[in-house]
1. Based on the mean of other Cβ atoms within 10 Å per residue, sort peptides 207-218, 25-36 so the most packed one is first.
2. Mind listing the phi-derived Karplus ³J(HN,Hα) values for segment 12-28, rounded to whole Hz, using 6.51, -1.76 and 1.60 with θ = phi - 60°, and x for any glycine or proline?
3. Do the alpha carbons of any pairs in 221/348; 133/221; 193/221 sit beyond 31 Å of each other, and which pairs?
4. Under a 5 Å amide H to amide H cut-off, with H placed in plane at 1.01 Å, what residues pair with residue 388 once short-range neighbours are removed?
5. Show the residues, 5+ positions off or on another chain, whose built amide H is closer than 5 Å to the amide H of residue 404.
6. Under 5 Å between amide hydrogens, which residues at least 5 positions from residue 356 or on another chain qualify, with H placed 1.01 Å from N in the peptide plane?
7. Run the quick spin-label model on residue 99 and residue 52: label points 7 Å from Cα toward the beta carbon, then report their separation in nm to one decimal.
Amino acid sequence: MTATVATGVHPIMACVQTVSNAVADVADVQPIFMSTDEKKAALVGLAAGEAALAELRLRVLASSDDVADEAGAYDAAAWFSQATKADPAAARADLHLAKALEERPLVAAGMREGGVSQAQARVIVAGVDALPKELGPEVLAAAERTLVGYAADFRPRELRKIARHVLGVVAPEIAEEEAGRQLEAEEAAAREKASLKFRDLGDGRTRVWGVLPTSVANRLKAYLQAYTSPRRWSRDGCGATSSTNEGERVPQHRAYAWALAALLEALDPDNLPEHGGDATTVMVTMTLEQLLAELATAGLLSEGDEISASEARRLACQASIIPVVLGGKGQVLDLGRSQRLFSKAQRKALRLRDKGCRAEGCDVPAAWTEAHHLKPWSKGGKTDLEDGICFCSHHHHRIHDHAYSHELLANGNVRFHRRR
């Protein structure tokens, strides 16, 4: 340090030059001849060096308001983003962390020593900042010290969970009350920021995306898992998959999508809020010829989209769907006659009788099945127990799929065959 001061070079600038020279010296050196132990030591050592250099960079950034003033930039982060072509959001996050480290000397020291990565530092700073300021500097410092100590054993994601409960270590007498306050604040913020969006892709699919409160997402996941649980789950190189009763392997994300469709179809419209003054329903318009045809289309009245006639016939088995059957001149021949739908009592009786899906070899329990007319209602079938049968969502789709035929076995089960 004395030499650099004597020559007029700031010690940090000397460090920058030294690091640059050291990296340049090994620019063409390949690690292929390093031993396994040397590679391990190099990787760990370089990570520690990155943490120390990151702290030094952030320390300089925190004191670079004059750089921004000279360039007319909004702040040091804006100048740094332009000068280094860094992502503006990342640069702003770095400046925020740099300022925070001035108030968190233990975190900064941990980075200089190579024991706290930049990602861990963000987690620790955020965790300490989230604690009530009225706890006092001693408690906040104890929380900071505790989390810095845990950085040696836990990755950022794990450290974030620990930070949420750090008061249980440094101030157990108020930990429970504060945890409740934080949860209420998080839940309120999550509800305020919740978002769900739909975009029609124009090819029969719609993209759905958004952000839900964790409690809502967990409840939805539990419901979907209830629909997918009868399948046999395994894990392969592509992630979690399930096998349907025919041996078809289904990725978990697709099983969830199918389960969501089944869940929506199983909703009882009587328990839904009114929509336009009536119970919430979806009406499907189709001509009598379309209803009776093997292959045809049907219009979805509520949204103006089209679905196949086979899909409309399958949906007609569910109480939330009302088929609007039109005559040759467009007159309404039928608007979901009440006798078409199985009543709640009938559906309970069918499930009690069938004990589960009646497709041959299917083990889906009765609670997850749907009522189906053995003789289609569109062809004169009656809505009574003798003409009803329970199918899981998968086989309910299958029996309305024109690519398959089916036969009723002596024991009351249904066997499917792919048409040739």
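1. Values: 207-218: 12.0, 25-36: 8.0.
In descending order of packing, they fall as 207-218, 25-36.
2. My calculation for segment 12-28 gives 5, 5, 5, 5, 4, 5, 4, 5, 4, 5, 5, 5, 5, 5, 10, 4, 9 Hz in order.
3. On the way: 221/348 25 Å; 133/221 37 Å; 193/221 20 Å.
Those over the limit are 133/221.
4. Counting only residues 5 or more places away or on other chains, the set is 374.
5. So residue 404 has HN proximity to 419.
6. 366
7. Taking the two extended label points, one gets 2.9 nm.
Where a number appears in this text, it was derived from the coordinates with a stated rule and is not lab data. Everything quoted here is computed from the prediction, not taken from an experiment. Here the Cβ is made from the backbone with ideal geometry for all residues, glycine too, and neighbour counts use every protein chain on show.
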